[in-house]
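Quick notes on the structure that follows.
Just so you know, all these numbers are worked out from the coordinates, no wet-lab data involved. Predicted model only: the values in this text are computed from it and were never measured. Methodologically, a virtual Cβ is constructed for each residue, glycine included, from the backbone with ideal geometry; neighbour enumeration extends over all protein chains shown.
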């Protein structure tokens, strides 16, 4: 599978936009408040040398680094759309590197290499560290005592879900809100407890122990500190559940390899642009799985169809559904070939004792109201929130 071209990456980004998002908690009144922000001491890449592979936002935040890029790139940088150059998150600059952006900005390879060499000579100052860490937080999620879990886990207790919505990269507000509404509706219909947050500080052991599963709602951009990353990984490996949809695996650049390669198990290659949204046939691959309960053998949907550079099967995933590439045009900008052949679109896997489910479906808000997708997500939430060790292939 070919890697996504830089030009295609940039063209896809041209259709993106950022906006604010709300936070709610179902079945328990308003969402819990968070504590005042505290200093973040261990954000990823805090001390990393500047380079052409740094998050573009970090180069733009440093006057010295930005001056090098501006000098070596010349007018090419001026041609970048404003959405590429934002230094306040959410920003596409948080999920892009200078090297990946080179094709779109019209930067010759030698200019990028020259800038890379100069950037690596820059000293990383305390001001740089502060700027890099500003988009992370360590704000605790306060949970009322009445809602905290008991030490013993009762099999009869309703699942407790945490919707996580901190987004530093691309925020597609309509899709995020539609997904959020679906999660809340399903919780109400099934008697599940659900809480939501936009704070990375919620991803800590003492908070996660109060939830059976975490939902990554179209989370784009690097959002967790090193400590929070370890907490999420430990939570999943010890039996926690994880469900992610669409944009949670749609970034051009990732700065946490475990998330992309192990947790999700695939990296984004691109999606069609002409047209961006197309009808395609989804085929159920594992009809005997509890994840398939109530789903037809195949159905047609209209959505934005992701392709990936690697197949999640290679990372140990059990594929629930695939795309029939003969039913839509898997071509990106400039005719980019997005065919995968075997094209998983929703899959699950075990991570230690924990359960993970990802669906690449879900850009269009309308998608979240279709009967098939509601059923798929309901099944997935019930599956990931089970309080028993995951068994591969189940």
Tilt, helix 173-190 to longest principal axis of the chain (alpha-carbon atoms), in degrees rounded to tens, equals 20 degrees
Burial-style ranking of 260-266, 130-136, 159-165, average other-beta-carbon count within 10 Å with highest first, yields 159-165, 260-266, 130-136
FRET efficiency (residue 237, residue 130; Cβ distance; R0 41 Å; to 0.05) is 0.80
Quick calc: nm separation of the 7 Å Cα→Cβ label points for residue 42 and residue 302 -> 4.8 nm
Rounded to the nearest 500, the 222 nm mean residue ellipticity computed for the chain from DSSP H runs (n ≥ 4, each -39500 (n - 2.57)) alone is -7500 deg cm²/dmol
Residues of the stretch 325-359 with backbone N under 18 Å of the label point set 7 Å from the Cα of residue 261 along Cα→Cβ are 351-352
Between the Cα axis of helix 63-73 and the main Cα principal axis of the chain, the angle (0 to 90°, nearest 10) is 70 degrees
For the chain, longest principal axis from Cα atoms; helix 226-237 axis from its Cα atoms; angle between them, nearest 10 degrees, is 30 degrees
With 0.36 nm assigned to each residue of separation and the Cα-Cα distance removed, residue 324 to residue 293 gains 9.1 nm
GNM of the chain, Cα pairs under 10 angstrom: of 170, 183, 105, the biggest fluctuation goes to 105
Note on the stretch 155-384: contact order normalised by length, alpha-carbon pairs under 8 Å, 6 or more apart, percent, works out to 22 percent
